[in-house]
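Here the structure comes first, spelled out in structure tokens, and everything after it is commentary.
The values are calculated or read from the model by the stated rules, or taken from the named source; none is laboratory data. Keep in mind that what you see is a predicted model, and the values were worked out from it rather than measured. Cβ placement follows ideal geometry from the backbone for every residue including glycine, while neighbour counts extend to all protein chains displayed. Protein only, heavy atoms only, side chains kept; ligands, DNA and RNA dropped before computing areas. Shrake-Rupley method; radii C 1.70, N 1.55, O 1.52, S 1.80 Å.
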Amino acid sequence: MKISIASDHAGFCQKQPLAAYLRERGHDVIDRGPATDERVDYPDFAELVARDVADGMAERGVLVCGTGIGMAVAANKVDGIRAANVVTPEFAALAREHNDANIVTVSARFVDEAVNRAILDAFLSTDFGGGRHADRVAKIAALESK
Ligand code: RB5
């Protein structure tokens, strides 16, 4: 799967190994930076990944910051993005199954890398449930034009 990934300075320490993990798993990874842990603003990097996903350059996105919260809030401002801030693999699966999340945002400061690897596994391997969930996701999309 083609996956776009980025972080801010707080997420950089996990972005690097998580990108390597995704490559090991056979994914085609676009790393949108940053290249160092120098201080940056997370919305700038959330936008790069969100646009990759919204424009079809990547099927899914992964964003890492201190909590994952700011990345999710920023990414969700881009039309077509459903970014979920996830702290357990179970929530990652539900974000896919119920919400058809196309970006997962994770915390480098509060969640271990091993747990974040399991979160990525669940996020990338769980299909959207469709049915009643599809009707609700369509209503989310409709909010963009209101
Ligand atoms: C950076 O200090 C921190 O605010 C950021 O990484 C993130 O946690 C924001 O939601």
### Summary
The alpha-carbon center of region 45-68 and that of region 3-19 are separated, in whole Å, by 11 Å
#### Entry: Approximate spin-label separation Asp28-Ala118, in nm, with each point projected 7 Å along Cα-to-Cβ
3.1 nm
#### Entry: Value of relative contact order over the chain, rounded to a whole percent, pairs C-alpha under 8 Å and six or more apart
23 percent
### Task
Would you list, by chain and number, the lysines whose Cα falls below 27 Å from the Cα of Lys146, excluding same-chain residues fewer than 8 positions away?
Lys77
### Cleavage-rule hits (trypsin sites (Lys or Arg not before Pro)) in region 1-48: DSSP loop, at most 16 neighbouring Cβ within 10 angstrom
Arg25, Arg39
### Query
Between Asp135 and Lys2, what length in nm is gained on full extension when 0.36 nm per residue of separation is reduced by their alpha carbon distance?
45.2 nm
### Task
Give the ranking of Met71, Met57, Met1 by solvent-accessible surface, highest area first, calculated with a 1.4 Å probe.
Met57, Met1, Met71
### region 48-146: GluC sites (Glu not before Pro) in DSSP loop, at most 12 other beta carbons within 10 Å
Glu144
### Task
List the residues whose amide H sits under 5 Å from the amide H of Thr105, counting only those 5 or more places along or on another chain, with H placed 1.01 Å from N in the peptide plane.
Leu63, Ala84, Asn85, Val86
### Task
Can you tell me the dipole magnitude for the chain around its Cα centre, using point charges on the Cβ only (Lys, Arg +1; Asp, Glu -1), in Debye to the nearest 20?
300 debye
### Task
Report, in degrees rounded to the nearest 10, the 0 to 90 angle that the Cα long axis of helix 42-54 makes with the longest principal axis of the chain.
50 degrees
### Query
If you keep only loop residues by DSSP, which chymotrypsin sites (Phe, Trp or Tyr not before Pro) in region 7-50 have at most 16 other Cβ atoms within 10 Å of their Cβ?
none
